[in-house]
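Colleague: Could you have a look at this structure, given as structure tokens, before my questions?
The values are calculated or read from the model by the stated rules, or taken from the named source; none is laboratory data. Quick caveat: nothing in here was measured; it's all calculated off a predicted structure. For neighbour counting, all protein chains shown are included, and Cβ atoms are generated from backbone atoms with ideal geometry for every residue, glycine included. Surface accessibility is based on the protein's heavy atoms, side chains included, excluding ligands, DNA and RNA. Shrake-Rupley method; radii C 1.70, N 1.55, O 1.52, S 1.80 Å.
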Amino acid sequence: PPALSFLENPSNVTSSLGKTVRLRCRVRGAGEPPEMGWRRDGHPLELADSDQAQVPLSEDVWLGTSQLSIPAVQLSDAGRYQCWARAGGEQL
């Protein structure tokens, strides 16, 4: 089985200008906890407002969650957002 698998990943999200948008992804894996992050249009969001947590489900299985928050959405926020996760030499 793969070291990583997405349990939840955002798909199409529509918002109104000025509203807050929250995108959430969840990853399950074995081995070490994941490194997680977000991209917009293929570019890393280095200073993104995101909350992340890794929760052990057993001794060697964990659940990683990342939530990206975009407050007061503007036209400049439009794009294709992707959650990524990396652990054990594998990246999704």
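Colleague: Which FRET efficiency value, to the nearest 0.05, is calculated for Leu17 and Asp51 with the Förster distance at 35 angstrom and r the Cβ-Cβ distance? Before the final figure, lay out the partial values.
Modeller: Numbers: r = 24 Å, r/R0 = 0.68.
With R0 = 35 Å, the Cβ-Cβ based efficiency is 0.90.
Colleague: Counting other C-beta atoms within 10 Å, and keeping those with at most 14, which DSSP coil GluC sites (Glu not before Pro) do you find in the chain?
Modeller: Glu46, Glu59
Colleague: What does the accessible area per residue of the chain come to in Å², with a 1.4 Å probe and no ligands, DNA or RNA counted?
Modeller: Computed with neighbouring chains in place, this is 65 Å² per residue.
Colleague: Provide the per-residue ³J(HN,Hα) series for region 17-33, in order, calculated from phi with Karplus coefficients 6.51, -1.76, 1.60 and θ = phi - 60°, each as a whole number of Hz, with x at glycine and proline positions.
Modeller: Each residue's phi maps through the Karplus curve to give 4, x, 8, 8, 10, 10, 10, 10, 9, 10, 10, 10, x, 10, x, 7, x Hz.
Colleague: Let me ask something additional. Pop out the ³J(HN,Hα) list for region 57-68 in order, Karplus 6.51 cos²θ - 1.76 cosθ + 1.60 with θ = phi - 60°, rounded to Hz; leave Gly and Pro as x.
Modeller: 9, 7, 4, 10, 10, 9, 10, x, 10, 9, 10, 9
Colleague: Of the candidates Leu75, Leu63, Leu23, which one comes out as most mobile in a Gaussian network treatment of the chain with C-alpha springs shorter than 10 Å?
Modeller: Answer for the Gaussian network model of the chain: Leu75.
Colleague: Counting Lys +1, Arg +1, Asp -1, Glu -1, what net charge surrounds Asp51 among other residues with beta carbon under 12 Å of its beta carbon? List each step's numbers first, then the result.
Modeller: Values: positive: Arg22, Arg24; negative: Asp49.
Summing Lys/Arg as +1 and Asp/Glu as -1 gives +1.
Colleague: Assign one of three labels to the chain, namely rounded, prolate or oblate, based on the Cα gyration tensor with a ≥ b ≥ c the square roots of its eigenvalues; rounded applies when a/c is under 1.5, prolate when it is not and a/b is larger than b/c, and oblate otherwise.
Modeller: Since a/c reaches 1.5 and a/b is larger than b/c, the shape of the chain is classed as prolate.
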